[in-house]
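What follows is a set of notes on a single structure, which appears directly below.
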Amino acid sequence: MTRLLIGAVLISFSSVMVVLAGLPPEVTGFYRLTGGGLAMLAVLARAGKLRLFTPDVIKWGSVAAVFFAGDFVFWHRSIACVGPGLSTMLGNFQVIPLAIVSALFFKERMPGRMFVAIPLALAGLYLMVGAGWSGFSADYRMGVFFGLLTACFYALYMLSLKYALARDRMDSLVLASAAAIATGLILGALALAGGQSFVIPSLKSLAAISALAFICHAVGWFLITRGIQTVRGALVGLILLLQPTLSFVWDILFFDKPVNPVELSGVALALVGIYIGSNAKMGRRRAAPFQK
């Protein structure tokens, strides 16, 4: 459990490091994913697991990378518009599209608790951004849409990993490493196409991007991947909620994010809905494609 806790705390600083790095969105993603992916690769090499990088791992890692790249593109833009706290909260709404896509396309039966989780999460979303929608700037509204698109792409990323792991016998950390490196390359190509500069302008930016890649991403995800294996499901969901919760707290503490009771109530409702949804086990009416 200690590994899981530390991993969730480390990852909660990701959005903070994105702000401090001050780099263009795709460039930030490129450094984070390639740096973090290579660090994970070094750990796997030391463990003698490089032989597990089979053609299937590379293929499915590349498929997942397409969705993961979309996740990062929209998340970084959301951070720029609405701040690290709200953008991370919105990204964690992935439990809703994850359940809907699983039900519609993989014919999984939606459990009863999802019919509680989804209204709670949506009510929280309304209190966070819907109640004051008319008073928001156009950029802020766009940031909310970017955050929700982040959730959709992250759900597709998770589904692609789930499908790949169930279809073929793969090491989850090996697949995650392949997906990270492939995502970094996609983001790097997008940065080049968009004329973004890869220059790191200051030591502060270098420190932030290094922490983002090697501490938040590589160490954080390694600890979470290993910690999940020893902690029961309901507790995993609760601990992982530390990530969006702390991201919101860091936004208040480090960037003076203004908050009000209505928004905080929305955050609380959303977290409850996300927790219930993340621990709902999807049943199946017939064999889903990713189940053997």
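For the stretch 160-184, how many residues meet the condition of being open to solvent by 10 Å² or more (accessible area, probe 1.4 Å) and touching a Leu at 6+ places or on another chain (Cβ under 8 Å)?
From the stretch 160-184, those open to solvent by 10 Å² or more (accessible area, probe 1.4 Å) are 160-163, 165-172, 176, 178, 181-182; that's our starting set.
From the residues that got through so far, the ones that are touching a Leu at 6+ places or on another chain (Cβ under 8 Å) too are 161, 165, 170-172, 176, 181.
Final tally of qualifying residues: 7.
Take Gly188 and decide whether it is under 19 Å from Ser62 (Cα atoms), more than 18 Å from the chain's Cα centre (by Cα) and crowded, with 16+ Cβ neighbours inside 10 Å. So Gly188 fits the description; yes. I'm checking my understanding of the structure. Among residues of the stretch 238-264 that are closer than 12 Å to Thr88 by Cβ and of a type in the set (S, T, N, Q), which one is surrounded by the most Cβ atoms within 10 Å (Cβ to Cβ)? Ranking the qualifying residues of the stretch 238-264, first place goes to Ser247. Being open to solvent by 20 Å² or more (accessible area, probe 1.4 Å), in contact (Cβ under 8 Å) with a residue 24 or more places away in the chain, in a helix (DSSP H, G or I) and closer than 24 Å to Asp171 by Cβ, is that true of even one residue in the stretch 93-114? Yes, that holds for at least one residue. Please go through the stretch 1-18 and give me each residue that is at pLDDT below 90 and within 16 Å of the chain's Cα centre (by Cα), ordered by number. Of everything in the stretch 1-18, those that are at pLDDT below 90 and within 16 Å of the chain's Cα centre (by Cα) turn out to be Leu4, Gly7, Ala8.
Apart from one condition, Val129 fits all of (1) β-branched (Val, Ile, Thr); (2) closer than 19 Å to Leu33 by Cβ; (3) in contact (Cβ under 8 Å) with a residue 24 or more places away in the chain; the exception is (2). Looking at the stretch 183-292, the helices (runs of 4 or more DSSP H) lying wholly inside it that each contain 3 or more residues that are modelled with pLDDT of 90 or more sit at 203-210, 242-255, 261-278. Taken as a whole, the structure places Ser134 among residues that are more than 18 Å from Ser62 (Cα to Cα), hydroxyl-bearing (Ser, Thr, Tyr), at pLDDT below 90 and assigned to a helix (DSSP H, G or I).
Filtering the stretch 122-135 to residues that are more than 20 Å from Ile100 (Cβ to Cβ) and surrounded by fewer than 16 Cβ atoms within 10 Å (Cβ to Cβ) leaves Ala131, Gly132, Trp133, Ser134, Gly135.
The values are calculated or read from the model by the stated rules, or taken from the named source; none is laboratory data. This is a predicted model, so every value here is computed, not measured. We place every Cβ from the backbone using ideal geometry, glycine too, and count neighbours over all the protein chains shown. The protein model used for the area step is the full one, side chains on, heavy atoms only, and it has no ligands, DNA or RNA in it. Shrake-Rupley method; radii C 1.70, N 1.55, O 1.52, S 1.80 Å.
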